[in-house]
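Visitor: Below: one structure in C-alpha cells.
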Amino acid sequence: MLQEQSRLAVDNVPVTEAWERLKSDPKAQLVDVRTKAEWNFVGVPDLTSIGRSAILIEWQTYPQGTTSADFVERCADALRGTGVDSGTDVFFLCRSGARSLSAARAVAAAGLAKCHNIAEGFEGALDDHRHRGAEGWRAAGLPWHQG
C-alpha cells in the first residue's frame, strides 16, 4: 500500500531542477498542459537543445475552461509514443503550477509515469501588480520560443 501511495504522489519541483533532470535523462519528458492560446501567444518551452519537444496537451479547453475529458488518454498515447513507461520521469507545466498539478495527479493515478509538477510554471504567480513573469520557465532564462 505504501509503495502504491508513493507511486501516485506528485512532487513539486523548481523549474531549474526540472530542466536539469530533463537534460540529464534522455527518457524524461515535459508535458505542457496550457491552452492553445497560451502556446500561441505566450510561448512554449524549447527542448531542441536536448533533442526533444514538449508534449502539448490541453488540460482545460479555451475559452470554456472545462477539463478535457480525454486528457489522460491523449497524454498516455503521446507518452507511449516517446517511449515513456511507468518508471519514466514526466514533468508537467502550466502557467503557474496549478493546472499542471491536477494534470500530473490524473496521469499518476493512471499509473503511466513518475509525475512531477513544475511549481513555478511557465510564467509564475501574480505579483503585487497582478502581473506574471517574475518567476517560472521564462524568468529562469530557460529556452523557449514564441508559439
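The values are calculated or read from the model by the stated rules, or taken from the named source; none is laboratory data. The model shown is predicted, which means the values in this text are computed figures rather than measured ones. Neighbour counts run over all protein chains shown; Cβ positions are idealised from the backbone, glycine included.
Visitor: In this structure, is residue 124 in contact with a Phe, Trp or Tyr (Cβ under 6 Å, 6 or more places away or on another chain), over 15 Å from residue 29 (Cα atoms) and among the small types (Gly, Ala, Ser)?
Guide: no
Visitor: Out of the residues in region 97-107 that are of a type in the set (Gly, Ala, Ser) and surrounded by 21 or more Cβ atoms within 10 Å (Cβ to Cβ), state the one that is nearest to residue 28 (Cα to Cα).
Guide: Restricting to residues being of a type in the set (Gly, Ala, Ser) and surrounded by 21 or more Cβ atoms within 10 Å (Cβ to Cβ), the top hit is 104.
Visitor: Going residue by residue through region 109-121, is there one that turns out to be more than 13 Å from the chain's Cα centre (by Cα) and either part of a helix (DSSP H, G or I) or modelled with pLDDT of 95 or more (or both)?
Guide: yes
Table: residues versus (1) surrounded by 14 or more Cβ atoms within 10 Å (Cβ to Cβ); (2) closer than 26 Å to residue 133 by Cα; (3) touching a His at 6+ places or on another chain (Cβ under 6 Å).
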residue	(1), (2), (3)
18	yes, yes, no
71	yes, no, no
80	no, no, no
83	no, no, no
86	no, no, no
92	yes, yes, no
110	yes, no, no
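Visitor: From the set of residues in region 40-67 that are among the hydrophobic types (A, V, I, L, M, F, W, C) and surrounded by fewer than 18 Cβ atoms within 10 Å (Cβ to Cβ), which is farthest from residue 109 (Cα to Cα)?
Guide: 41
Visitor: Moving on to the next point. Can you find, within region 127-147, the residue that is modelled with the highest pLDDT among those that are under 16 Å from the mean Cα position of the chain (by Cα) and charged (D, E, K, R)?
Guide: Per the stated criteria, the residue is 138.
Visitor: Does residue 91 meet the test of being modelled with pLDDT of 95 or more, closer than 21 Å to residue 145 by Cβ and not polar (S, T, N, Q)?
Guide: yes
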